[in-house]
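Visitor: Please see the structure below; I have some questions.
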Amino acid sequence: MRSFNLINSLLISAITASILAVTSAQASGVVNVYSARKEALIKPLLDQFSNTTGIKVNLITGKADALLKRLQVEGSATPADLFITVDAGRLHRAKEAGVLKPVSVPLLEETIPKELRDEAGYWYGLTLRARPIIYAKDRVTPSDLSTYEALAEAQWGGRLCLRSSQSVYNQSLVAATIDALGASKTQSWMEGMVKNLAKAPSGGDTDQLKAVAAGVCDVTIVNTYYLARMINSSKQADQSVASQLAVFWPNQNGSGGLGRGAHFNVSGAGFTKYGKHPKQAQALLEYLASESAQAWYAEINNEYPVVEGVEVSSALKGFGAYKMDSIDLEILGQNNRQAVQLMDRAGWR
Amino acid sequence: MFKRHGLSVFAVVIAAFISLPVIVILSYLFQAEGVLWQHLLDTVLSDYLINSLLLLLGVGTGVLMLGVPTAWLTSMCSFPGRRWLSWALLLPLAMPAYIIAYTYTGLLDFAGPIQTWIRDLTGLGYGDYWFFEIRSLGGAIVMMSLVLYPYVYLMARAAFLEQSVSSIEVGCSLGYSRWRAMWSLALPMARPAIIAGLSLALMETLADYGTVQYFGVSTFTTGIFRTFYGYGDTAAAAQLAASLLAFVMLLILLERYSRRRARYHSAAESKARADLIPLIGRNAVIAVAVCLAPLMFGFIIPATQLLFWAVFEAEPLGWEFVSLAWNSFSLAFLAAIVAVTLAIILSYAKRTRPIKPVRTVIAMAGFGYALPGTIVAIGVLIPLAWLDHSLIALFERLGWHSPGLILSGSLVALLFAYTVRFLAVALGSVQSGLEKIKPSLDHAGRSMGHSPWAIISKIHVPLMRSSILTAVLIVFVDVLKELPATLILRPFNFNTMAVRAYELASDERLVDAAPASIMIVLVGLVPVLMLHGSIARRRPK
């Protein structure tokens, strides 16, 4: 009956593990985190936090909307204290869903600029991610580039690569454009871009960069940290891709919406409404906005810090300074649904 | 001991419980939500439908073309390499569809080594030459066919092996040629098994999100997630999923109808088979090629690429891999035992009392397989969290300390979700094994005073050994590969290999995802090899 014993011991260990997971999550001196940031991009910081404060951090990572659903269903019994995610639209959605509570954290209100956090304290931005135009150095002169809107012009016919409209980064870009140009202009802009596509949208941001380098297309719109990662990569193939590409910061001048600045987004965190460890959660959030944590993001994942005066990585420095869109990030969330609808209509797959 | 009614009631209760998530999702159909539907109908829905249908058609054709001939050749013919090919053909089962998609994209994409090599060699640029576009509907069909054909292969092979020799021999003695006997006897007799394998492959195709999303193919499933993630609209997403389910139900009804009252039983004793059909010369070469091709493209090439990345280019996993492997293995093992045990009980209840309520509720319990894992997870969360809240309320009324989320926040939720998602796999295999056992054996057992339990354990289980092991194997490997439900439902600080591979891959670090991916494949090999041993033992060389 050896197999029976094996099953038995597996069962027992599974049950103890789950009981441990449940009880340890409720003991004091812990903070429980639901994170849509990938483990590799948050765990090292959480470990650092545990080492310095002695507060244990329990972590579940997953897709933002799925974690949000879990928070909603768990309701008042949720073990989660902090909800971390990577898109302002998602933070807004969490706030709307009623799973967050407003908390005023004086330290964060001091260090994080007003436009990068929720007014009432439902969420705080932790890092900035820019989404500019990337072009092939040998085939595009920067003077041909000006705005996101200009990518719909006929001169880019068959020269543009875009990631699919499933990507929340693109959805937020469109949400910001709706705010600047209005719905109908945004839709015709997208229709123009779809016409200019060199290939049907597929793959991730990195794949768009590779496509530009391989000559499939000449320009694309991508988050900068993907390019920075390739610049810093130890792999020769990655470096060779990166060496053929350059960043163009669009919408820097011009009247009205056209000079609004380059599109950016935040990753951020909010306190859950029914969190059982508010003190520890606040300590963790303050830590994530601390100078050393901010520098870590900049160095490891090449994201821009939200706290001023923090050194950025050399790859980011190489991209130069730029003007950011000064849009209220709440609007990205509010416009998200309309953005997806317009993308559907414009035929952006 | 259960009397006959006892078993039926027990089975209905279990099946109803497992159907809960499916019912939760179906119930969204009755929530009025018109606006988004109108928009989808106006814009993308027809695309979703057409692409999904083409995907189904393509993968269906693909898995039949890869699975049935290989099953026939390895079970009925003799040719060089037959014995090792017969188990090696199972290996692609261990390869998750999204991972084979990433791997082949790395190889065949315009920026990959092959096309770069072509460009360097010829001096041509992108667009100057034709090359298979892997990121396309066609690419998705090929990828999924390559990893899903083992369902058909396994089921068809088990059926061919369990077929009574005598019916084929009778056919031959009546003047049928060997090939004629295959077309007119063996294939029709194996039809329930082949259809079972095919419907598993197709349901898995419909539930797949990772591959089609990565390739940018808009299918019904990507539509569900676009609605969920893009519109933040769970209700509309669940409604889309429910319509998908209704479609699957329709297909299954159609198949049932086309089979109508035909039953396929064969003599239960499996006597030593007459000689295998010997293939020599050109025929042998063809047979080897037919069996080698799916193995090559479905396993050897992608596994070699993964291994190469894992060894030479990726960040190593470190000691953490021990806990990842243990978590994945123990979960998959437990889930397989639970699902197959339940499948045996349900199939048996259906066999003893095939009345409508029993059949309906069992059919419901199997539909979780056609739902994407994320949707199943939501269907699991809602009733479990409700139970948890009721428990907490009860505890508080009694003045006790709140127990927290003991169901929805623990491994219970995961095991439940796996059972919901994969019960169909276990049912398919167990039922097709059971269908081939003559009812007269049950009657004989009962007339000798055996209880239903004794009939299961003394007559059926030994006769269905390979069907049961097949079921355990497939559920095990499926759980090992499962990602979306694991991601949402797992407890704190609990990682599996699939979660690790996904996190790195979705961060666009495909190469760094290779060590975890190759480990999924390696752990998946263990039961594949064990299964092979046990099937091979039953048959003459």
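The values are calculated or read from the model by the stated rules, or taken from the named source; none is laboratory data. Computed from a predicted model, the values in this text were never measured in an experiment. Cβ atoms come from the backbone with ideal geometry, glycine included; neighbour counts cover every protein chain shown.
Visitor: Residues that are within 9 Å of chain A (Cβ to nearest Cβ) and modelled with pLDDT of 85 or more, at least 1 per element: which helices (runs of 4 or more DSSP H) completely within the stretch B:452-541 meet that?
Guide: B:484-489, B:497-506
Visitor: If only one of B:Ser46, B:Ser52, B:Ser136 is among the polar types (S, T, N, Q) and modelled with pLDDT under 90, which one is it?
Guide: Of B:Ser46, B:Ser52, B:Ser136, the one residue that is among the polar types (S, T, N, Q) and modelled with pLDDT under 90 is B:Ser46.
Listed here are the residues, each with its yes/no results for (1) assigned by TED's automatic domain parsing to the domain that holds A:Val219; (2) out of contact with any Gly (no Cβ under 6 Å at 6 or more places or on another chain); (3) at pLDDT below 95; (4) surrounded by fewer than 24 Cβ atoms within 10 Å (Cβ to Cβ).
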{"residue": "A:Ala77", "(1), (2), (3), (4)": "no, yes, yes, yes"}
{"residue": "A:Leu91", "(1), (2), (3), (4)": "no, no, yes, no"}
{"residue": "A:Asp118", "(1), (2), (3), (4)": "no, yes, yes, yes"}
{"residue": "A:Tyr124", "(1), (2), (3), (4)": "no, no, no, no"}
{"residue": "A:Tyr135", "(1), (2), (3), (4)": "yes, yes, no, yes"}
{"residue": "A:Gln155", "(1), (2), (3), (4)": "yes, yes, no, yes"}
{"residue": "A:Thr177", "(1), (2), (3), (4)": "yes, yes, no, no"}
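Per-residue answers, yes or no, for (1) assigned to a helix (DSSP H, G or I); (2) surrounded by 22 or more Cβ atoms within 10 Å (Cβ to Cβ):
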| position | (1), (2) |
| --- | --- |
| A:Tyr34 | no, yes |
| A:Pro44 | yes, no |
| A:Ser50 | yes, no |
| A:Leu67 | yes, yes |
| A:Ile84 | no, yes |
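Visitor: Right, here's the next one. Of all residues in the stretch A:211-227, which are over 18 Å from A:Phe319 (Cα atoms) and within 8 Å of chain B (Cβ to nearest Cβ)?
Guide: Listed by number, the residues that qualify are A:Ala211, A:Ala214, A:Gly215, A:Val216.
Visitor: Still on this structure, please answer the following. Suppose we keep only residues that are surrounded by fewer than 21 Cβ atoms within 10 Å (Cβ to Cβ) and in a loop (DSSP other than H, G, I, E, B) within the stretch B:306-324. Which one would you say is farthest from the other protein chains (Cβ to nearest Cβ)?
Guide: So, considering only residues that are surrounded by fewer than 21 Cβ atoms within 10 Å (Cβ to Cβ) and in a loop (DSSP other than H, G, I, E, B), the one farthest from the other protein chains (Cβ to nearest Cβ) is B:Trp319.
Visitor: So, one more: For the stretch B:325-332, indicate whether the set of residues that are touching a helix residue (DSSP H, G or I) at 6+ places or on another chain (Cβ under 9 Å), away from chain A (no Cβ under 12 Å), farther than 26 Å from B:Ala246 by Cβ and aliphatic (A, V, I, L, M) is non-empty.
Guide: yes
Visitor: Give all pairs with beta carbons closer than 8 Å in which a residue from the stretch B:195-223 that is on the phi < 0 side of the Ramachandran plot and within 12 Å of another protein chain (Cβ to nearest Cβ) meets a residue that is part of a helix (DSSP H, G or I) and modelled with pLDDT under 85; count only pairs at least 6 apart in sequence or on separate chains.
Guide: B:Gly223/B:Leu40
Visitor: Filter the stretch A:81-120 for residues that are in contact with a Lys or Arg (Cβ under 8 Å, 6 or more places away or on another chain) and among the hydrophobic types (A, V, I, L, M, F, W, C) and give the result.
Guide: Step one: filter the stretch A:81-120 for residues in contact with a Lys or Arg (Cβ under 8 Å, 6 or more places away or on another chain), giving A:81, A:84-86, A:98-101, A:108-109, A:118.
Of everything in the stretch A:81-120, those that are in contact with a Lys or Arg (Cβ under 8 Å, 6 or more places away or on another chain) and among the hydrophobic types (A, V, I, L, M, F, W, C) turn out to be A:Ile84, A:Val86, A:Val99, A:Leu100, A:Leu108.
Visitor: I've got another one for you. Among the listed residues A:Ala298, A:Ala315, A:Ala262, which satisfies the condition of being more than 14 Å from chain B (Cβ to nearest Cβ), more than 22 Å from A:Thr220 (Cα to Cα), surrounded by 17 or more Cβ atoms within 10 Å (Cβ to Cβ) and touching a residue at least 12 places away in the same chain (Cβ under 8 Å)?
Guide: The match here is A:Ala298.
Visitor: Those residues that are in contact (Cβ under 8 Å) with a residue 24 or more places away in the chain and among the hydrophobic types (A, V, I, L, M, F, W, C), I need them from the stretch B:382-419; list them, please.
Guide: To start, the set of residues in the stretch B:382-419 that are in contact (Cβ under 8 Å) with a residue 24 or more places away in the chain comprises B:382-384, B:408-419.
Within the stretch B:382-419, B:Ile382, B:Leu384, B:Leu411, B:Val412, B:Ala413, B:Leu414, B:Leu415, B:Phe416, B:Ala417 qualify.
Visitor: Against the condition without any contact (Cβ under 8 Å) to a residue 40 or more places away in the chain and either crowded, with 23+ Cβ neighbours inside 10 Å or closer than 30 Å to B:Leu529 by Cβ (or both), how does B:Asp128 come out, does it pass?
Guide: no
Visitor: Then there is this: Answer yes if at least one residue in the stretch A:97-109 is within 12 Å of chain B (Cβ to nearest Cβ) and surrounded by fewer than 23 Cβ atoms within 10 Å (Cβ to Cβ), and no otherwise. Walk me through it before giving the result.
Guide: Start the filter on the stretch A:97-109 by keeping residues that are within 12 Å of chain B (Cβ to nearest Cβ), which leaves A:97.
Right, trim to surrounded by fewer than 23 Cβ atoms within 10 Å (Cβ to Cβ) and you get A:97.
Among the residues of the stretch A:97-109, at least one is within 12 Å of chain B (Cβ to nearest Cβ) and surrounded by fewer than 23 Cβ atoms within 10 Å (Cβ to Cβ), which makes the answer yes.
Visitor: Given the condition away from chain B (no Cβ under 12 Å), under 16 Å from B:Glu508 (Cβ atoms) and surrounded by fewer than 22 Cβ atoms within 10 Å (Cβ to Cβ), answer yes or no: does some residue in the stretch A:200-207 qualify?
Guide: As a first pass, look at the stretch A:200-207 and keep what is away from chain B (no Cβ under 12 Å): none.
Within the stretch A:200-207, not a single residue is away from chain B (no Cβ under 12 Å), under 16 Å from B:Glu508 (Cβ atoms) and surrounded by fewer than 22 Cβ atoms within 10 Å (Cβ to Cβ).
Visitor: Can you find even one residue in the stretch A:245-254 that is part of a helix (DSSP H, G or I) and surrounded by fewer than 17 Cβ atoms within 10 Å (Cβ to Cβ)?
Guide: If we filter the stretch A:245-254 for residues that are part of a helix (DSSP H, G or I), which is where we start, we get none.
Checked against the condition, which is being part of a helix (DSSP H, G or I) and surrounded by fewer than 17 Cβ atoms within 10 Å (Cβ to Cβ), the stretch A:245-254 yields no hits at all.
Visitor: When the residues of the stretch B:410-432 are narrowed to those that are of a type outside the set (A, V, I, L, M, F, W, C) and at pLDDT 80 or above, which ends up nearest to B:Pro372 (Cα to Cα)?
Guide: B:Arg421
Visitor: For a quick check of your reading: which helices (runs of 4 or more DSSP H) sit entirely within the stretch B:27-88 and have at least 3 residues that are within 13 Å of another protein chain (Cβ to nearest Cβ)? Please lay out each step first, then the result.
Guide: Details: elements: B:35-42, B:45-76, B:82-88.
It comes to B:35-42, B:45-76.
Visitor: Surrounded by 17 or more Cβ atoms within 10 Å (Cβ to Cβ), touching a Gly at 6+ places or on another chain (Cβ under 6 Å), part of a loop (DSSP other than H, G, I, E, B) and more than 14 Å from every other protein chain (Cβ to nearest Cβ) - does that describe any residue in the stretch A:301-310?
Guide: Residues of the stretch A:301-310 surrounded by 17 or more Cβ atoms within 10 Å (Cβ to Cβ): A:301-307, A:310.
Remaining after also requiring touching a Gly at 6+ places or on another chain (Cβ under 6 Å): A:306.
Next cut, part of a loop (DSSP other than H, G, I, E, B) only: A:306.
Still in the list and also more than 14 Å from every other protein chain (Cβ to nearest Cβ): A:306.
Yes, because at least one residue in the stretch A:301-310 is surrounded by 17 or more Cβ atoms within 10 Å (Cβ to Cβ), touching a Gly at 6+ places or on another chain (Cβ under 6 Å), part of a loop (DSSP other than H, G, I, E, B) and more than 14 Å from every other protein chain (Cβ to nearest Cβ).
For (1) of a type outside the set (D, E, K, R); (2) in contact with a Lys or Arg (Cβ under 9 Å, 6 or more places away or on another chain); (3) at pLDDT 90 or above, each residue gets a yes or a no:
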{"residue": "A:Arg2", "(1), (2), (3)": "no, no, no"}
{"residue": "A:Thr23", "(1), (2), (3)": "yes, no, no"}
{"residue": "A:Ala27", "(1), (2), (3)": "yes, yes, no"}
{"residue": "A:Lys43", "(1), (2), (3)": "no, no, yes"}
{"residue": "A:Gln48", "(1), (2), (3)": "yes, no, yes"}
{"residue": "A:Thr52", "(1), (2), (3)": "yes, no, yes"}
{"residue": "A:Leu59", "(1), (2), (3)": "yes, yes, yes"}
{"residue": "A:Arg70", "(1), (2), (3)": "no, no, yes"}
{"residue": "A:Val73", "(1), (2), (3)": "yes, no, yes"}
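Visitor: Of (1) within 21 Å of the chain's Cα centre (by Cα); (2) assigned by TED's automatic domain parsing to the domain that holds A:Ala36, A:Lys273 satisfies all except one. Which?
Guide: (1)
Visitor: Taking the criterion of being in contact with a strand residue (DSSP E or B) (Cβ under 9 Å, 6 or more places away or on another chain) and at pLDDT below 90, would at least one residue in the stretch A:265-274 satisfy it?
Guide: So far as the stretch A:265-274 goes, no, none of its residues is in contact with a strand residue (DSSP E or B) (Cβ under 9 Å, 6 or more places away or on another chain) and at pLDDT below 90.
Visitor: Continuing with this model, one more query. Filter the stretch A:157-175 for residues that are over 18 Å from A:Ala88 (Cβ atoms), of a type in the set (A, V, I, L, M, F, W, C) and modelled with pLDDT under 95 and give the result.
Guide: Once the filter is applied, which keeps residues that are over 18 Å from A:Ala88 (Cβ atoms), of a type in the set (A, V, I, L, M, F, W, C) and modelled with pLDDT under 95, the stretch A:157-175 yields nothing.
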